[in-house]
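Take a look at the structure set out below.
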Amino acid sequence: MNGTTYHRTSNAESVRQLIVDIHVEVRGEFGLMDRPFYHPDRFSERLTTYASRPGWEAVVAYEGDEPIGYVFAVPLGENTGWWSAEKKPLPAEYTAEDGARTLALNEILVRRKWRGAHGKGAARALHEQLLNERQEQRVTLLVNPLLSDGRLKAVYESWGYKQVGSQQPFADSPVFASMMRDPLR
């Protein structure tokens, strides 16, 4: 995207308020802020947990001084609980992690002005910016397949992700489709 700059950081505190503000703005537009799982404090707790793990990284996109959106991810460590909430357990060799095999894409959000057809691929550009400098072999994410009548899941499929299962990682979270893109690029 012309005129877009990207800021990479492994310091969550340097972008925390911006990430929380975009979370509230975007999730509010989708009518999700009345659900406990999306409450800003709950989201901030998850951000703290993710960012405390080795290898966490965020990329924030800007058009001039205006933030477009963000993406953040963390490699799955040896003792990850990422796969433990799967409704049907996946094979052990598929879920074996070592901190270098799988990148978990925790969040990607883009503000309204840059979403959809008029957004010129802002979300995908953010996604690729993150992956371009990562060394993991594959990337996984969770998506609510019911949001946007399944359109969001279809976007990830168009980026090369395939559903490998479904899980509910938190008691107050939706049941997510577990998706994998293998190889990373």
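The values are calculated or read from the model by the stated rules, or taken from the named source; none is laboratory data. What you are looking at is a predicted structure, and each value in this text was computed from that prediction instead of being measured. Reconstructed Cβ throughout: ideal geometry from the backbone, glycine too, with neighbour counts over all protein chains shown. Note: accessible area is taken over every heavy atom of the protein model, side chains too, but ligands, DNA and RNA are not part of it. Shrake-Rupley method; radii C 1.70, N 1.55, O 1.52, S 1.80 Å.
In the set SER84, SER14, only one residue is in contact with a Pro (Cβ under 9 Å, 6 or more places away or on another chain), open to solvent by 60 Å² or more (accessible area, probe 1.4 Å) and more than 22 Å from LEU147 (Cβ to Cβ); that residue is SER84. Count, please, the residues in region 118-173 that happen to be over 25 Å from GLU63 (Cβ atoms), among the acidic types (Asp, Glu) and modelled with pLDDT under 95. Count: 2. The listed residues are ARG134, ARG112, and the only one of them that is in contact (Cβ under 8 Å) with a residue 12 or more places away in the chain and out of contact with any helix residue (DSSP H, G or I) (no Cβ under 7 Å at 6 or more places or on another chain) turns out to be ARG134.
A Cβ distance below 7 Å, combined with a sequence gap of six or more or placement on separate chains, defines the contacts here; from region 51-69, residues that are more than 15 Å from GLY121 (Cα to Cα) and among the basic types (Lys, Arg) reach residues that are open to solvent by less than 50 Å² (accessible area, probe 1.4 Å) and in a strand (DSSP E or B) in the pairs ARG53/VAL74.
A single entry from LEU90, LEU105 fulfils the requirement of being crowded, with 17+ Cβ neighbours inside 10 Å, within 26 Å of ARG185 (Cα to Cα) and in contact (Cβ under 8 Å) with a residue 24 or more places away in the chain: LEU105. Scanning region 155-176 turns up one or more residues that are of a type in the set (Phe, Trp, Tyr), within 25 Å of HIS7 (Cα to Cα) and surrounded by fewer than 17 Cβ atoms within 10 Å (Cβ to Cβ). Can you say whether GLU45 is open to solvent by 70 Å² or more (accessible area, probe 1.4 Å), out of contact with any Ser or Thr (no Cβ under 6 Å at 6 or more places or on another chain), without any contact (Cβ under 8 Å) to a residue 40 or more places away in the chain and over 23 Å from PHE170 (Cβ atoms), as far as the supplied structure shows? No; evaluated as a whole, the condition is false for this residue. Restricted to region 24-41, and to residues there that are more than 13 Å from LEU109 (Cβ to Cβ) and in contact (Cβ under 8 Å) with a residue 40 or more places away in the chain, the residue that is surrounded by the fewest Cβ atoms within 10 Å (Cβ to Cβ) is PRO36.
Would it be correct to say that ARG185 is open to solvent by 70 Å² or more (accessible area, probe 1.4 Å), under 28 Å from ALA61 (Cα atoms), not in a loop (DSSP other than H, G, I, E, B) and not small (Gly, Ala, Ser)? It is false that ARG185 is open to solvent by 70 Å² or more (accessible area, probe 1.4 Å), under 28 Å from ALA61 (Cα atoms), not in a loop (DSSP other than H, G, I, E, B) and not small (Gly, Ala, Ser). Here is the figure for region 157-174: residues that are touching a helix residue (DSSP H, G or I) at 6+ places or on another chain (Cβ under 7 Å) and within 22 Å of THR49 (Cα to Cα) total 3.
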